[in-house]
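Every number here is computed from the coordinates shown, using simple stated rules; none is lab data. What you see is a predicted model, and the numbers here were worked out from it, not measured in a lab. Cβ coordinates were reconstructed from backbone atoms using ideal geometry, including for glycine residues, and neighbour counts include every protein chain displayed.
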Amino acid sequence: MGLLFAEDPHFDETERQTGFYRYRQLLSARFGRWWKTNLLTLAGFAPLTAGIAYAVVSSSVLVLLPCSILGGMIAGPFLAGMYDAILRGLRDDPRPWWDCYKRSWKQNWKSSLIPGALLGLIAGVYAFMAMLFWWAERSPSFGTVAVYLFAILVVLIINTLYWPQLVLFRQKAFIRLRNGLLFCAKYLWRVLGVSILQLGYLAVFVLFAPWTLLLMPVLGVWYILFLSQFLIYEQMDEVFGIEELYGI
């Protein structure tokens, strides 16, 4: 990591660090695993992206709905695999990444189908709405844009707290949503800050497309998920007892 950060004689890769040094340590140790998982995740999202793009180009809601739902169902297990890889890294799981990835698919593919379908549908609807703003003769009002962004922010908050529970625990969806609501109430500003960070990351990729597409194989999904979970992991471990449960 000396290429990116100045060397510190007190930094020891073999000991679990805290703060920024923990961030640096995780990137150094886990980048390769997360990057490979990211490529698989991008492949899993390809049908959803293609379906939404075709629906937008053809201006057809009838095409949008089935493509978004089916594409989301395909993407769901891949997204669960990405979250699983991130959380295993955060708790220093020593097992090979491919074994962990296969285990994630075996454990989570069924439970991730419906959340994936809902996420795909939401993504499709909001992408279509964005194009309606673009096609409209008059620019949308500030209030309309604010409501649109706030709705996306709510979805990001739910995703940030729902998917980690999906890959960590065997629970009913209602329990995950309730836990997420209680967690959000306890750590509102931290969760809100993380979600705003995700919204900004998404906005950069959308506003500067197609050039930002070149960054997808490098940063893509894994980096923002890692950064988001890193920023709330200590609180999640405190509430859910993740490392105690997994014997870390």
Checked against a 25 Å limit on the C-alpha separation, the offending pairs among K110/K186; K102/K186; K36/K106 are K110/K186; K102/K186
With T = 4 °C, eta = 1.567 mPa s and Kirkwood Rh from C-alpha pairs, the Stokes-Einstein D of segment 15-72 in µm²/s is about 94
Longest principal axis of the chain (C-alpha) makes with the long axis of helix 222-240 (C-alpha) an angle, in degrees to the nearest 10, of 60
In order over segment 139-144: 3J(HN,Hα) from phi, Karplus 6.51/-1.76/1.60, θ = phi - 60°, whole Hz, x for each Gly or Pro, gives 5, x, 5, 4, x, 5
Across M82, M131, M73, the residue with the highest GNM fluctuation in the chain (Cα network, 10 Å cutoff) is M131
If one compares the long axis through the Cα atoms of helix 19-58 with the longest principal axis of the Cα atoms of the chain, the angle in degrees, nearest 10, works out at 20
Among trypsin sites (Lys or Arg not before Pro) in segment 132-204, those in a DSSP loop whose Cβ has at most 11 other Cβ atoms within 10 Å are R138, R170, K172
Computed over segment 19-245, the distribution of all Cα-Cα distances in 5 Å bins, rounded to whole %, is 1, 6, 13, 18, 21, 17, 12, 6, 3, 1, 0, 0
If one compares the long axis through the Cα atoms of helix 188-207 with the longest principal axis of the Cα atoms of the chain, the angle in degrees, nearest 10, works out at 60
